[in-house]
Every structure is written in structure tokens, then in C-alpha cells.
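To keep things clear, I will list the structure first and then write my remarks on it.
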Amino acid sequence: MSSQPGAAHGGPAPGRLPAEVTSFVGRRAELATLAGLFGSARLVTVTGPGGVGKSRFALRGAAEVLAGTGLFPDGAWPAEVAAVQDPLLLGHAVLEALGLTDSTARPPLEVLVERLAGRRLLLVLDGCEHLVGPCADLVDALLRAAPGLRVLATSRQALGTAGEHLLPLAPLPVDDPADGGPPDVVALFADRARAVLPGFEVTERNRAEVALLCRRLDGIPLAVELAAGRLRALSVAQINRRLDDRFRLLTGGARTAPLRHRTLRTTIGWSHELCTMKERLLWSRLSVFAGAFDLDAAEYVCAGDGIEPDEVLELIADLVGKSVLLREEGPQGVRFRLLDTLREYGGRWLRAGGEQHRLLRRHRDWYLGVASWGEVEWFGPRQAETAERTRLAHPNLRAALEFSLAEPGEEQLALVLAGTLWFYWVGSSHLGEGRHWLDRALALAPDPTEARAKALWVTGYMAILQGDLARARPVLEECRTQALATGDDRALAYAVHRQGCAALIGDDPGRAAELFEEALWHYDEIGELNSNVLMAMFELGIAYLFLGDRANGESWIDRVRAVAEEHGEQWAYAYGLYALAYARWSAGEVRLARAHARECVRLNHLFRDLLGIVLAIDVLALLETEAPDGDLVEARVLQGAAHRIWQAVGKPFFGSRSFTGPYLECERRARDGLTEQEFHEAFRVGGLLDLDAAVLRALGRGGRSAGPDGLPGPRPLRPSPVPAR
């Protein structure tokens, strides 16, 4: 499982540096310089032209510094900035890359500052050149607030912030080194050539041609790799001859532009020229994708007007073979991606051909379909798969939302797309970003439409989960008022439902129960049955439990379980298990309550639903205070772990006294049964656990004995502190 910054020390340093899939050639001097810089510098920016290998160098350098020093016990974490176009989403992207997905209403920078304070890690910000100012502001704020943080950035220009150390990355040397061996650039070409032609070697017969080719490419790694890919169809000598033509053809850059930029443009243009007309056309159209995409998406978005749908597969295979497209294989199947530099080049051709607007609209339409189908499939046995598919589409969904918000006349579809994604914003803990998009869309489209009504209740729903009732109540009332005025029965049902949620966390369970009953009546009248309806049943059950009406509460939770099992639904079912755990604890059935709560944690972990996880962990902490097999130390460890997760959700327990009750009871029992030192130390240790470690702990697989993490051993319960209920 993945780890997060700040995991308990004692094992391997955490982080998500990707494994290398091709050999790393050269750059020994630069890597040594980088290691030396990190002896004193806190910000190092690797600069250089596109295609020179900044990203690959930074990842290798981070891995070597991580392995060779003790500077970063909390690991090295890469964050790809290149795919982020909106500066307001920069903080969200860094949070996600760090595994610190946050769903609060707070600004992402505030959350990052809080969560990174006290951590000792290396953040690798890759591809900052298009957001230099925002990246500089972010880095400056983080470095000032987190003394243990160091940043390794890559950019085509300096960030220009205080304390920055630049490490210019030049093209690989093309002249023979002093030791008489081949230049690194020749070694790189030979290595990549062997991937195309197994057994390829630089011999006396081809040495001069290889050296000439590498010299004409100015030692730029991207150009060299593209050239090696051409060996499928051409000899080295033939490549050299064609390269001569391309240099003469593509020299139209500005005379004042740096030579390296013109050289890279020439290299890419040459690769472009080697493609067939249809391959070039597809290349340009694929530039509308942000991040990876699958074949189905490419066929829908890019086919037509010169490319037949059944040609797309073969053309993609050709572009993969020519090193234009990257092929990535994962649990969801094969996906493809353009390198950023090649994507930018394709985008220029797309704009020149007058196709950009049409392709961006088709791209948006496809991802609106992805969102719509995901909403349908969310109620069924493929929920976890749907969550993962939507996660993979996230960069493209952002691009689709951005297009809809920027294009006049598309505001309603922006509302539709942002509202349809409620299942992802809520079910996978992206509340903060979801509200970002919805707030922008609502501001641009004030007219009372069906799309606006849905966006209003989704916004209210997410604000409630963040404990932001000041925002939730007015938008839900606007939704209800509009629904009554327009006869929108579905919007009315959802508005009343979410008003019930606001009453529930506002500590008015009686009023909440009335609203949930009304909402369920509306749902039944319109024939609505989905995960939201199941959540209304769960919330009604919880309201009754808070009122002390266990019979009615358990009756509604049993209905949730029955409907969920019938339809294979797991997400709302997991919340039902939380309610069942609470009910069983109230009835004194500790072992059954623990089983329900652990299954709730396990299921919500499939979706990375932080709210569902943390609610159940807090119940499990309380259950640890129950005799005869409880452990007060473990109870406080779990409370500490839950507290850390709450920081990424919003207000702990939504700011609700009703939901806080079990926590306060657990805290009281632990304080009465432990020494002051034990009480605080166990909580501190729990706060060091990352999400995955906290889940393992909650599931009873994390171990309780003292060890290198400094955790105190189990402390038996003292009978006196546990009052009879």
C-alpha cells in the first residue's frame, strides 16, 4: 500500500518515486552537484530546454539523495505540475500528489502548511514553467512554514524565489570524453536503439554516422530517443540524410529565440515529418487530452474529417512505435499519453488547422459521458472500479470543466458536469476541489435551470460534509425554492434531503428525522433509487439512534443493508455499517459492533472515502475502552490516527455534538484509566500514522506492542473508569 508524508519512522522512507523502466545514462557530474547542493540548499531548480531530460534527472537525483542521505525520513514525493492549468488548483494537485487529499473548505496552501509542518521530506515539483509565479509563491510559503521541507523543481526558467539554487541541465556532451570511452549521448542512443533493434551496437562501421547524428541533434536526450525510434524503418545514415532536410525546413523560429529552443522545435518537427499525414492529424487531435487516455476516448474525440473510427487503433499503434505516444498498462487496461513537449507541438498544429475548438468540445462531451456513466454505475457492484476509472480521468475532467467555464454559452454544461461528479467529489474525498468547480459554475450561470438546481444541492451536500453550514443552508434553501417554483420534483427531494443533513449535524435530530422522512416520500413518488436514497435511509436511522429510538433506527439501517445487498452497492452500505456499529455498541454487543466498524473501514478504504473511514475509526477507538478485552492505549492511538484524518476532511465530527459523543466518551475513559504521559503519548503516536497505516491498525493488523515507532505497549483497562450505561 502507498504511504503518506509523515508516516511513523523506523522502516523504509515513504514516497512514491516511480520505478525506472529504461536505463539512466550519464549525468554523473550533475547528480553529484545536486547531492552537494542539498547539503545546504532547501530549493534547487533544475533548468534547461524542453527535451533535455529535466524530469528524468530530477527523479533519479531524488532517488539517489533519498538513498544516500538521512535528510528525508518522510520520503521523496513527486508532484506533476505540467498537467495543472488553473493556478487555483495547484495546491489541490500537490495535496493529491502527497497523498494528503483534503476535503475541507480551507485554502489548499493552509492545509499544506499545516500538514507539512514538522515533516522532513523532499517535494519534487515537475514542470513549473507555465505556472512560474504561482509555483514560486507556493514554494516560498511552504519553505517558510515547514523547516524540514526541501524542494526540487524542474522548469524551463527559474522560479525566482528567495534561497533558490539553480542547476542548469545542458544537453549531453557530444565530444569524446577524456577516458577514451564513448560520449554519454552515444551510449544513450545505443541503449535506446537496442530497444528497437535487439543486438544493435556502435561499431567501427557505423560509429561516425552515430556520432554525426548525435552531434546534429545537439545531444538533446529527447531528440536522441526519437531518432533511435526511427531505426525501425531507417538506417543511421538514412536518418542523418533526412535530418539534414528537416533542419533546412524547420528554421522559421524567431531569430531572438534561444538556439536550444529552435533545435528542439526542429527535432520535434522532424519527428512530425516522419509521420504519415493521418498520424500527424491524429497527433494534433490527441493534444486536447490532459494526461492519459484510453482507446475509446481517442476514437470518439479524434475520429472523423479525415480519420475513420476503425483507423484510430492502428494510427495509435504507429505513434507508439515512433515514440510519439507513451503506452501505460494498469488494472484498468492500456492507456496512452503524449509527452508534454509533444503535446504542445501537436496543439500548435491543431490551432493552425482551425480544429481546436471542435476537438475541445468533443473532448468535453466524452468526459461528460464518462461522468454521467460513472454516476449511473455508482449505484451497483462496480463502484470501486468506477471510482478508479474516474480517478484516472481526473486530469481530463479538469480540462473539460475548464473548457466549459471558459467558453461562452457552455456554462450550463459546466454545471451539469460539476454536479454529475458528486459521486467522485464526495465518495473519493475531493470535496474542496468539487466546490471550487461548482462555485465557479454557479457564479457564471445564475438563471434557474435544472442543472443549476442540481449544482446547488451538490454544493450544499459537500459544504455540510465539511461542516460549513453557513454556506450549505442558503444554497439548499435556494434549491428548494427554485424547485417549488419550477415544478422540479427531483431537485425538491434532494434539497429536502440535504436540509435534513444540515439539521442532523446542526444537532437537531428531531427536525432531521422529519426532513428525511419527507425526502424519502418524495424519492418514492418519483421512483428514485440510488446511493443518495440509501444515504437518506442511513441518515434517518442515525437520527433515530441519536434520539434514543433504537428500534426505528435499526429498522432503517436494516433497509439500507437489504437494498444495498440486492444491488451490489458498497459505498452507502459502508455508512450503514457505521450506524450498525453504533447501534450494537449502544446495545452492549461489543464484538459485533467492532466487526461492523472494521468492515466499514475496509469498504470505505476502497474508495479512499476519508469521512467514512474516520467515523468508523472513532467508533473502534471507543470500543477499545470496553471491558474485558479492551486496551486504553490502543483507544488513544486510534483517536490520534482519526484526528489526523479529520484534518483532511473538515471540522471534526462536522462540529456536531451528536457525532462527537462517542469520541468524548472514549477520551474520558482513556484519561481516567491512563497516566497523563500515556494518554498524550499514545495520541501522538496515532497521529504519526498515515492513512494506510491507520486503516491497518483499525482492522487489527497494525500491531500493538512496543517497537521502533515508540508506541507504548498495551495497557489493561482499569474497571473503575468505565461507567455503566
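The values are calculated or read from the model by the stated rules, or taken from the named source; none is laboratory data. None of these values were measured; they are calculated from a predicted model. So basically every Cβ, Gly included, is an ideal-geometry build from the backbone, and we count neighbours across all protein chains shown. The protein model used for the area step is the full one, side chains on, heavy atoms only, and it has no ligands, DNA or RNA in it. Shrake-Rupley method; radii C 1.70, N 1.55, O 1.52, S 1.80 Å.
At 1.002 mPa s and 20 °C, plugging the Kirkwood radius over alpha-carbon pairs of the range 608-658 into Stokes-Einstein gives what diffusion coefficient in µm²/s?
The Stokes-Einstein estimate is 190 µm²/s.
Distances longer than 14 Å among the Cα atoms of the range 377-427: what percent of all pairs is that?
It works out to 55 percent of all Cα pairs.
Show me the ranking of peptides 147-157, 86-96 by mean Cβ neighbours inside 10 Å, starting with the highest.
By packing density, highest mean first, the sequence is 147-157, 86-96.
May I ask for the angle, rounded to the nearest 10°, between helix 356-377 and the longest principal axis of the chain, with both axes built from Cα atoms and the value confined to 0 to 90°?
Taking the Cα atoms of the chain, the angle to 356-377 is about 30 degrees.
Protein chains only, probe 1.4 Å: how do W646, W366, W556 rank by accessible area, largest first?
Order by accessible area, largest first: W366, W556, W646.
If you bin every alpha carbon distance in the range 15-93 into 5 Å steps from zero, what whole percent lands in each bin?
Pair shares across the bins are 3, 12, 22, 24, 21, 12, 5, 1.
Using the 2.2 N^0.38 Å rule of thumb for compact globular proteins, work out how the range 409-482 stacks up: its C-alpha Rg over that value, please.
That works out to 0.98 for the range 409-482.
Nearest 5 percent is fine: what portion of the DSSP beta bridges confined to the chain is antiparallel?
25
Could you tell me how many degrees, from 0 to 90 and to the nearest 10, lie between the Cα long axis of helix 469-486 and the main elongation axis, the longest principal axis, of the Cα atoms of the chain?
90
From the Cα trace of the range 566-697, what convex hull volume per residue do you get, rounded to a whole Å³?
Expressed per residue, the convex hull around the Cα atoms of the range 566-697 is 103 Å³.
Rg (Å, one decimal) plus Dmax (Å, integer) for the alpha carbons of the range 469-573?
Cα only, the range 469-573: 13.6, 39 Å (Rg, Dmax).
How long are the semi-axes of the equivalent ellipsoid of the range 657-700, defined as square roots of 5 times the Cα gyration tensor eigenvalues? Whole Å, largest first.
20, 16, 9
For an R0 of 25 angstrom, estimate the FRET efficiency from the Cβ-Cβ distance between A551 and E525 and round to the nearest 0.05.
Rounded to the nearest 0.05, the efficiency is 0.45.
For the range 524-640, with every protein chain kept in place, what is the accessible area per residue (1.4 Å probe, Å²)?
Per residue, the range 524-640 has 31 Å² of solvent-accessible surface.
Please work out the average accessible area per residue across the range 116-238, using the 1.4 Å probe convention, and give it in Å².
43
Would you mind telling me the share, in percent, of accessible area of the range 482-634 contributed by carbon and sulfur at probe 1.4 angstrom?
47
On a straight-distance basis, which lysines could pair with K278 in a cross-link, Cα separation under 28 angstrom, same-chain partners fewer than 8 positions away excluded?
Those lysines meeting the cut-off are K322.
When the accessible area of the range 355-473 is split by element with a 1.4 Å probe, what percent falls to carbon and sulfur?
The C+S portion of the solvent-accessible surface of the range 355-473 is 58 percent.
Which value in nm describes the separation of the simple spin-label points at L295 and E209, placed 7 Å from the Cα toward the beta carbon?
3.5
Could you state, as a whole-number percent, how many of the C-alpha pairs of the range 317-441 are farther apart than 26 Å?
Tail of the P(r) past 26 Å holds 29 percent of the pairs.
When the Kirkwood hydrodynamic radius is evaluated over all pairs of different C-alpha atoms of the range 344-383, what value in angstrom, to one decimal, is obtained?
11.9
What base-10 log of the normalised intensity I(q)/I(0) is obtained for the range 316-366 from the Debye formula, alpha carbons as equal point scatterers, at q = 0.13, 0.16, 0.26 Å⁻¹?
Each listed q maps to, in turn, -0.40, -0.60, -1.06.
Given 4 °C and 1.567 mPa s, how large is the Stokes-Einstein diffusion coefficient of the range 186-230 in µm²/s, with Rh as the Kirkwood radius over Cα pairs?
Roughly 126 µm²/s, to the nearest whole number.
From the list (1) 89, 61, 44; (2) 94, 56, 50; (3) 83, 59, 57, can you say which value of Cα extents along the principal axes in Å was derived from the structure given?
Among (1) 89, 61, 44; (2) 94, 56, 50; (3) 83, 59, 57, the one calculated here is (1).
What would the Debye equation give as log₁₀ I(q)/I(0) for the range 525-587 at q = 0.16, 0.21, 0.25, 0.26 Å⁻¹, counting only Cα atoms as equal point scatterers?
-0.44, -0.73, -0.96, -1.02
At 1.4 Å probe size, with every protein chain present, just tell me what the per residue accessible area of the range 53-111 comes to in Å².
33
Under a Cβ-Cβ limit of 4.7 Å, which cysteines in the chain have nobody to pair with?
Result for the chain is C214, C275, C302, C479, C501, C600, C666, no neighbouring Cys Cβ within the cutoff.
Say the dipole of the chain comes from +1 at the beta carbon of Lys and Arg and -1 at that of Asp and Glu; which of G374, W556, Y582 then lies farthest toward its positive end?
Result: G374, furthest along the dipole toward the positive end.
Can you compute the helix-only [θ] at 222 nm over the chain? Use -39500 (n - 2.57) per DSSP H run of at least 4 residues, normalise by all residues, nearest 500 deg cm²/dmol.
-19500 deg cm²/dmol
Return an integer: the convex hull volume of the alpha-carbon atoms of the range 139-193, in Å³ per residue.
Roughly 149 Å³ of hull volume per residue.
With N set to the residue count of the range 61-183, report its C-alpha Rg divided by 2.2 N^0.38 Å to two decimal places.
Normalised by 2.2 N^0.38 Å, the Cα Rg of the range 61-183 equals 1.21.
Roughly to the nearest percent, how much of the accessible area of the range 44-185 is carbon and sulfur, given a 1.4 Å probe?
Solvent-exposed carbon and sulfur of the range 44-185 make up 55 percent of the total.
Could you give the alpha-carbon Rg of the range 503-552 over 2.2 N^0.38 Å, rounded to two decimals?
Rg over 2.2 N^0.38 Å, computed on Cα atoms: 1.11.
Quick one: angle between helix 277-286 and the longest Cα principal axis of the chain, in degrees between 0 and 90, rounded to 10, please.
Approximately 30 degrees, to the nearest ten.
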